[in-house]
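First up is the structure itself, then whatever we jot down about it.
Read-outs: derived from the displayed coordinates by stated rules, not from any lab. Everything numeric here is computed off the predicted structure, so don't read it as measured data. With ideal geometry, Cβ positions are generated from the backbone for all residues, glycine too; neighbour counts draw on all protein chains shown.
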Amino acid sequence: MKPVFEEGFAGVKLPPLTSHDHESLSQNIDIDVKYNLNRRVVMCRHCVMTNQRPRISFDLSGICSACKYWERKESSINWGAREERLRQILDNYRSRDGSFDVIVPSSGGKDSSYVAYMLKNKYNMHPLTVTWAPSVYTEIGYRNFQQHIHNGLDNVCFTASGLVHRRLCRSSLIDMGDPFQPFIYGQVNSPLHAAKAFGIALIMDGENGEAEYGGDDTTENMEGFSESESESYWQSGTPVEDWLNRGYAPEELSFYQPPKEAISVRRLFFSYFHNWKPQSHYYYACQFAGFHPNPIRSEGTYSKYSSLDDAIDPFHYFFGLLKFGIGRATSDAAHEVREGLIQREEALALVNKYDREPPSSRSADLFSEYAGLTRNQLCLAVKKWTNKRIWGNQAPELNFSP
Ligand SMILES: [Zn+2]
């Protein structure tokens, strides 16, 4: 995807790697132990997800927990009762003077725009959308972000210092095998800062990813996560405080942590109250939020309408592919099968065609510059986080421009 402000960081150099970084790059990691992975790969008999996805479970007939949950969504969850419960909750929070009464963490993507417009149009709430800016905006992401505001939503956008965020992405890639973790810290915690600043007591997140996409199925009946649950599911077991030991000053991490003073805020999943169907959110967002899909497919998959905002995204998905053998096409195809949009045979063909595609050389050049890693250092990170049991010596490799 085309970045918007590619030149924005080019020429702004990051400090060189620390001795910890160098040491960490040459470490051997047992990825199976770290993520508690089953050593025998099994694919779900209904979708195309495998048992290598962390925390997913399979039943005796070989069906994954996400498919079981989707079956339950269609057969036994009483959505009418849940919507009634949502109305009762919203009645307790709705402002009478038009002031903001609910925060919707939102990028302007199809799902968060859907949630914000539903709250505004159907439930007569006064949402404030809160955006945590991507590392490097893509053109289509920035367009959709602007469009959801122009179509009638108020917005506050948090953007962390590029010097800090770039270093964090680099540290996180080296130490955790995912450059995306700092984005998640901010995505989880920036709405809390907005809640405090604007005195808003309700946050409506989109979906419970553990339930919808495969993860810990004990979360399926949760209306929202408590603070400790959000830490274990959203922070990969590495709380933000841990970065203090890695050379980051407390003030550099303030947006990535909850506000220092305790605030009273309730945090819910919209997906608990409404049957979560990404395809219908897409149609809804096109109609009400002026959402546009990308004209071309995203790297590593066939889809054009999800996760479009961040030009470094291909590296998040690529490192997931290296660690778990699960790429972006697998994730997209698995939930499209569950949603009934494609058949399993078609999903398998899409996975075979796109899943192992590494980031383009343009994306690799951009990421290397963004994270302040030489090509060699980036290749060392790839080597460190490649699961040898899954790939042997067949792992996909990075390409750079000549
Ligand atoms: Zn499945």
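Using C-alpha pairs under 8 Å with a sequence gap of at least 6, the mean separation divided by the residue count of region 1-151 gives a relative contact order of 22 percent.
When the trypsin sites (Lys or Arg not before Pro) in region 253-352 are filtered for DSSP coil states and for at most 12 other beta-carbon atoms within 10 Å of their beta-carbon, the remaining sites are 260. Extending 7 Å from the Cα toward the beta-carbon at both residue 79 and residue 391 defines two label points whose distance is 4.0 nm. Structure note, pairs 13/383; 120/196; 68/196; 34/304: Cα-Cα distances above 30 angstrom occur for 68/196; 34/304. Taking a ≥ b ≥ c as the square roots of the eigenvalues of the Cα gyration tensor of region 154-258, is the shape rounded (a/c under 1.5), prolate (a/b larger than b/c) or oblate? Oblate, since a/c reaches 1.5 and b/c is not below a/b.
Restricting the GluC sites (Glu not before Pro) of region 222-315 to loop positions (DSSP other than H, G, I, E, B) with no more than 11 neighbouring Cβ atoms within 10 Å leaves 261. Across region 50-60, coupling constants 3J(HN,Hα) worked out from phi with the 6.51/-1.76/1.60 Karplus curve, θ = phi - 60°, read 10, 6, 7, 6, x, 6, 5, 10, 10, 8, 5 Hz, and Gly and Pro carry x. Backbone amide hydrogens, once placed in the peptide plane, bring residue 203 within less than 5 Å of 103, 266, 267, 268, excluding anything fewer than 5 places away on its chain. Between residue 154 and residue 88, the simple spin-label model (points 7 angstrom out along Cα→Cβ) gives 2.9 nm. Note on 351, 164: ascending count of other Cβ atoms within 10 Å places them as 164, 351, the fewest first. Subtracting the Cα-Cα distance of residue 361 and residue 223 from 0.36 nm times their residue separation leaves 45.5 nm of extension gain. From the Cα gyration tensor of region 108-176, with a ≥ b ≥ c the square roots of its eigenvalues, which class applies: rounded if a/c is under 1.5, or else prolate if a/b is larger than b/c, or else oblate? Since a/c reaches 1.5 and a/b is larger than b/c, the shape of region 108-176 is classed as prolate. In this rough spin-label picture, where each label sits 7 Å from Cα along the Cβ direction, the residue 72-residue 245 distance is 3.6 nm. Per-residue extension of 0.36 nm, minus the Cα-Cα distance of residue 36 and residue 352, leaves a gain of 111.2 nm for this segment. Among 30, 175, a tally of other beta-carbon atoms within 10 Å of each Cβ gives an order, fewest to most, of 30, 175. Restricting the count to DSSP beta bridges whose residues both fall in the chain, what percent are antiparallel, rounded to a multiple of 5? Roughly 20 percent of the DSSP beta bridges within the chain come out antiparallel.
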